[in-house]
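Here's the structure we're looking at; comments come further down.
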Amino acid sequence: MSDRGFISRLSKEERDLHDEKLAAAEFCRVRGVAEELERAVGGLLLRQPEDVYGHLANHFTNLSAPPRISRLKGREVYDARGQLSIETEVLCIVCNKEKSMSSAAVSSHFGPKETSLDWKAKSHKRADHVMTAVQWINTSLNNVLKGQNPCDQSEVDHILSNFFMARYLEGKDIWDKEKEERSSPGEPEVVLPSPPLAHTKDKKSADKGKKSNVTEKPFPRAEPPEPVLPGSLAIGSVSLAVAKTGAQVQDMPLYKYIAALKNREFHTPVSLVTLLSCGKNSPGKLSLLEEVILIPKAGQRVKQIITMTLELQKEMMRIINTSTKAGATQAILCDSGAPAVSYERPEQPLDLITEACTNFGMTLGTEIHLAVNFAAPELMDYSKGKYEIATGIFKSPDELVDIYQTLISKYPAVVALIDPFRREDIDQWEKLSSMIGDSCSLLSDITYKPNAPPLPGVRGHILKHMNETTVSDLIRITSEQQGSVFMGTTCSEPCSDDSLSDIAVGLGLDYIKLGGLSGAERMTKYNRLISIEEELAQQGILVSKEKHPPLMFIAKPQEQSTTAESSQLPAPVSTEEI
């Protein structure tokens, strides 16, 4: 009997079932299902695993289609300071099911500098930014990234950057009109008075007592701030969330995933730890020293650095609590995770650290060095054209040059200064560099102006991951700006996200600054650094920093001959350059 005759005798239900079986057989034949079943069963018999179905599941999972982004989910969260921020969750289709892959949040541009007069306005502004970011993620970005390969980071970031630029151009006309209408009352043109006699007495003694003929020069206005587009947080958080998803899909830690994108070897960056905070939010009058940062000797592990710093801080607190010699009346824990002490003069915190090192048996300037973050742009009083370095005490940019030179001469262990001036004070950057450049490095924060012309004398750059900065942007910027120091914002960071440590290792940076040793948002990142370091050491792929020292400082003239004679030894910290 022919097949046609046999089928004609079947009922409609039986014929439909027969047709379904034929279609299924053809479907499996075209896709080679039978052959793969044979391979799976063959491997099963060969290995005879205890978990039979787990083995089969793994076999066919490896053959499954690569995950594709199915959906983005944006939501409001609170950062380490209890302020609104944004978090992005990436969902992908994996084995025909939607699965949550990863989530990420980045720091916002809103810092901790709000005063009691403007905190309400800034809170409303922050809420508007976060609300816009949530809308972007759940609508527009969700649509443009749906179906994208999460492992194609460059393509995802290209889409994000194009989206951001389109939104930026939409608002540019509005910003330009507002800029024309705004008179900038907080940043007027100011004519500086002639330098005081104390700063001209080293010229001609015959001029002493005579009226200065120095021509008054206009005070350089502040560069216009980069406009922050509402919703920009969405770009950075989506980029990081997609990078974490790509790392998960490829079954590798985030730092290795980013390192593969940049083609870098592995080493953990040296941890720069905040020892003291003395900025505008500290209890004392001193504002000039935003923070004093410990720079450990090259080759130390993260655990060693943390242990040493904690012991040093204990000795510092003991001195503060038992002596009035240091001039401190109180100490509080500030946003940076380090103690903020009440001081009036910039020498006092450095004297405290020097005394603590001596008591602790540690050689300051050999075993550890110091960096000072002045954050000077925040201290400028534009009505006077001077920096308010302490409550009621104002200094001109030229006077600050003399203060810095004196500090470096008195405290040679200070080998790096961060943001000692505004970007606009070009002459002072150049003047200070010519005075102290042989023994101290100048660093500038380029977070908001990564493409700005380089400042004279600057050897290193501070970079933060925030707002619309994508992972691809970080790779590009750190490739172009050699000597970058990756810095946590210390104030608007996500509470439990440790991605910052992975990013720094993946980018191959020499230094990372996470703040002080207090607060879950910071210690989570320090612990992640320790974990990465241990993992790389166990795998035998950890590059020793002694063999490849970071370029933090240039060699001092008196040390160059010694360095040449001891070329087989690793260079000391004070001879490294950013």
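The values are calculated or read from the model by the stated rules, or taken from the named source; none is laboratory data. What you see is a predicted model; the values in this text were computed from it and never measured. Quick reminder, even Gly has a Cβ in these numbers, built from the backbone with ideal geometry, and neighbours come from all protein chains shown. Please note that ligands, DNA and RNA were not included when accessible areas were found on the heavy atoms of the full protein model with its side chains. Shrake-Rupley method; radii C 1.70, N 1.55, O 1.52, S 1.80 Å.
Of the solvent-accessible surface of segment 220-264, computed with a 1.4 Å probe over protein heavy atoms with every protein chain present, carbon and sulfur atoms account for 49 percent.
Solvent-accessible area of Leu84, all protein chains in place: 40 Å² (probe radius 1.4 Å, heavy atoms, ligands and nucleic acids excluded).
So, with a 1.4 angstrom probe, what is the percent of accessible area on segment 53-174 that is carbon and sulfur? Taking all protein chains in place, segment 53-174 shows 54 percent carbon and sulfur surface. Normalised by residue number, the volume inside the convex hull of the Cα atoms of segment 382-526 is 147 Å³ per residue. Here r is the Cβ-Cβ distance between Ser161 and Phe394 and R0 is 60 Å; the resulting FRET efficiency, rounded to 0.05, is 0.90. Just the protein heavy atoms count here, and of the accessible area of segment 299-437 at 1.4 Å, carbon and sulfur take up 49 percent.
Take the Cβ atoms of Met362 and Tyr168, set R0 to 41 Å, and the FRET efficiency comes out at 0.25.
What the Cβ-Cβ distance of Gln481 and Ser531 gives, at R0 = 30 Å and to the nearest 0.05, is a FRET efficiency of 0.60. Per residue, segment 9-63 exposes 86 Å² of solvent-accessible protein surface, assessed with a 1.4 angstrom probe and all protein chains in place. Need the C-alpha centroid separation for segment 353-430 versus segment 21-74, integer Å. If you average the Cα positions of each part, the centres end up 64 Å apart. Per-residue SASA remark: Leu72, around 10 Å² accessible (1.4 Å probe; ligands, DNA and RNA not included). Sorted largest first by accessible area at a 1.4 angstrom probe radius, with every protein chain in place, the residues Thr132, Thr274, Thr391 fall in the order Thr391, Thr132, Thr274. Stretching the chain fully between Asp427 and Glu26 yields a gain of 136.5 nm (0.36 nm per residue, less the alpha carbon separation).
Per residue, segment 320-467 exposes 38 Å² of accessible surface when a 1.4 Å probe is rolled over the protein heavy atoms with every protein chain present. In this view, the solvent-accessible surface of Arg221, computed with a 1.4 Å probe and all protein chains in place, comes to about 100 Å². Taking every C-alpha pair closer than 8 Å and separated by at least 6 residues, the mean separation divided by the residue count of segment 328-396 gives a relative contact order of 15 percent.
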